[in-house]
Structure formats: C-alpha cells, structure tokens
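Input: a single structure, listed below in structure tokens.
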Number of protein chains: 2
Amino acid sequence: MKKQAVHNTSNLCRAQILGIKSAMEILSGKWKLYILGTLLLHDKMRFMDLLREIDGIAAKMLSKELQDMEINQLVRRTVVDTKPLTVQYELTSAGRSLQQVITEVSKWGIEYRDNL
Amino acid sequence: MKKQAVHNTSNLCRAQILGIKSAMEILSGKWKLYILGTLLLHDKMRFMDLLREIDGIAAKMLSKELQDMEINQLVRRTVVDTKPLTVQYELTSAGRSLQQVITEVSKWGIEYRDNL
DNA sequence: GAAACTAGTTACCTTTATGAAACTACCTTT
DNA sequence: AAAGGTAGTTTCATAAAGGTAACTAGTTTC
C-alpha cells in the first residue's frame, strides 16, 4: 500500500506556517527589509536619500522595490511640489506594523554573526 | 559642488541595518523559514517526513536547503542505523534561537493577510 | 520477483533577481 | 551655457533560484 502524506500538524500550527508563507511572499528579496528598516529609522525620505543611505543598491532596484512595496501598501509615495520637485517615501501603518519583525530579525542577525 | 553621501544614521542604527543584512544572507529564499518553522514544531523529522509535510517542495530543493542550513549550523543531520536507514533532521541551538523571529514573521503574515 | 520504501542526486530547463551604465526630462545654481 | 541637482527609466547582461522528471542504490514487504 502506498504511503499517504499524513499531515499530523495541528490546524493551529498549519496557520503559523501559512503565516510564514504569506509574509515571505511580501518580504522576500535582498533589499526589502533593508529599505523598510531604513524607513523605520528616518520617517520620511526622498528617493535620493534612500539611494545614498542604502549601501550598494542601484537606482533601478530601489525604484522597483519601492513600487512593489507601494502596491503591497507598506510604503506611501508622495510627490512634494518643491522646486525641483521631490518625492517623499514613508511607511504606512501596515509598514510600521513590521517593527517587531524587523527588530527580531536584526537582533538575531547581530547575535548570529557574533557567535561565529 | 558635488553632493556627498551624508550618512546621518547613528552607529547604533547602522548596526541594526547590518543585522538585517546578516540575517537575510542566511534566511533568504522561498523555503528556509518554512522548513525551520516545521522543524521547530516537530523536533525531529526524517527527510521524507519533511518532503510530505512541506507542501510543494521538491526533493532537490529540500535537500539543497537542508545542506545549506547544516553548513550554517541551524540544522543537524543524523543518520540513524535502522533498516532501512533513516536520516533525522533537527534544529541546533542556533536554529532554535530563531524562534522569536519565526513567531513574529508568522504573526505578521497572518495579520497582514487578514487585513487585506 | 514486483512494488514500494529509504534518501537522496543528476540533468535539463525556465523564471526571477540583480547589476552596471547610459539616458530622459526638467529645474537650479554658478 | 555648463554643471549639478531632482526622480526615475531603459537596455543589456549575468547570476541565482526554482521546478520537473528521471535515476541510483540499497531494503523490505506482499
């Protein structure tokens, strides 16, 4: 008899796993948490501020990631009518709700690196 | 005069950002947190258990990700001398130290999805 | 002995991610 | 008018990630 895929994980646990999946669909990639972490620290930033602050990112990547996160409503983009015109990026409330995630990831990254 | 890249981020903040970078180097990819989360819930699992439990993953991917995480000392692989021989995978202490990260990511993912 | 189990590996292919550099377009300062 | 600022986009390229399916190799159960 063929062995069945017995999922003995409880529904509660499965919900947790699905949570990870949903989160990773939104947050995956080399730059997203980096950008979000930077915006968390600075409140409002212009495109060129982010480009200079985020070490190593190319304009194309920054632009694409910001658009991505705007679509997912983590980031708000506002054109400011200055001369020359500037664009402000800031976290939405959904973006700010990532604070705990970012804190834990950052803490773990520092500890992991120290224990090498 | 050319504009300089003025990093007005404090050293403390920069450390946080570097923490994110370190963490993402280890944890990036579609499957790693999924696998780690599953191992966190089950303590010890065999290869085929993981393959059946983790929905959608291919043997090749699972194998590669486990090797990756073994190298990074998040997962321990033990060959058990049963007949037929089996292989047990479990988290190391470094792997278990991801508990908070996984909890927060999972919580956020569930909330985010619910607020859609 | 055929079929199913164990734990993977290998080959081939497609898609996604990422990067460097040049370019647009418009405004301001020197 | 030249140089530098604003915020990007476009083009061209490579690297990394991920997927399918077949295959190895030994063990065990029907």
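Bear in mind these aren't lab numbers, they're just calculated from the coordinates by the rules spelled out. Predicted model only: the values in this text are computed from it and were never measured. For neighbour counting, all protein chains shown are included, and Cβ atoms are generated from backbone atoms with ideal geometry for every residue, glycine included.
Things worth noting here:
- Among B:51, A:98, a tally of other beta-carbon atoms within 10 Å of each Cβ gives an order, fewest to most, of B:51, A:98.
- For the protein assembly as shown, adding -39500 (n - 2.57) for each run of n ≥ 4 DSSP H residues and dividing by the number of residues yields -18000 deg cm²/dmol at 222 nm.
- Across the identical copies, the label point of residue B:60 (7 Å from Cα in the Cβ direction) is separated from its matches by 2.7 nm, in order from shortest.
- Local charge for residue B:100 was computed over the other residues whose Cβ lies under 12 Å away, with Lys and Arg +1 and Asp and Glu -1, and equals 0.
- Counting Cβ atoms of other protein chains within 10 Å of each residue's Cβ and taking the mean over peptide B:24-34 gives 5.
- Normalised by the number of residues in chain A, the mean separation of alpha-carbon contacts (under 8 Å, six or more apart) gives a relative contact order of 22 percent.
- Which of B:83, B:64, A:21 has the fewest Cβ neighbours within 10 Å, and the rest in rising order: B:83, B:64, A:21
- Per-residue HN-Hα couplings for the stretch A:65-73 [Karplus 6.51, -1.76, 1.60; θ = phi - 60°; Hz; x = Gly/Pro]: 5, 5, 4, 3, 6, 5, 4, 7, 6
- Förster-model FRET efficiency, 30 Å R0, residue B:64 and residue A:12, C-beta, rounded to 0.05: 0.55
- Rounded FRET efficiency, nearest 0.05, which uses the C-beta distance separating residue A:114 from residue B:83 and R0 of 35 Å: 0.20
- Links that overshoot a 19 Å alpha carbon limit, given the list A:107/B:21; A:30/A:64; A:32/B:30; A:64/B:107; B:21/B:64: A:64/B:107; B:21/B:64
- Between copies, the label points of residue A:83, set 7 Å from Cα on the Cα→Cβ line, lie 9.0 nm apart, reported in increasing order to one decimal in nanometres.
- Per-residue Karplus couplings for the stretch A:21-36, computed as 6.51 cos²θ - 1.76 cosθ + 1.60 with θ equal to phi - 60°, are listed in order as 4, 4, 4, 5, 4, 7, 9, 6, x, 5, 10, 4, 5, 4, 5, 4 Hz, Gly and Pro entered as x.
- Inter-copy separations for residue A:113, label at 7 Å along Cα-Cβ, nm, ascending: 3.2
- Of A:17, A:26, A:71, the one that fluctuates the most in a GNM where chain A has Cα springs shorter than 10 Å: A:17
- Amide H contacts under 5 Å for residue B:46: B:89, restricted to partners 5 or more places along the chain or on a different chain, H placed in the peptide plane at 1.01 Å from N.
- Computed from phi, the 3J(HN,Hα) profile of the stretch B:40-46 under the Karplus parametrisation 6.51, -1.76, 1.60 (θ = phi - 60°) reads 5, 7, 10, 6, 10, 9, 8 Hz, with x in place of Gly and Pro.
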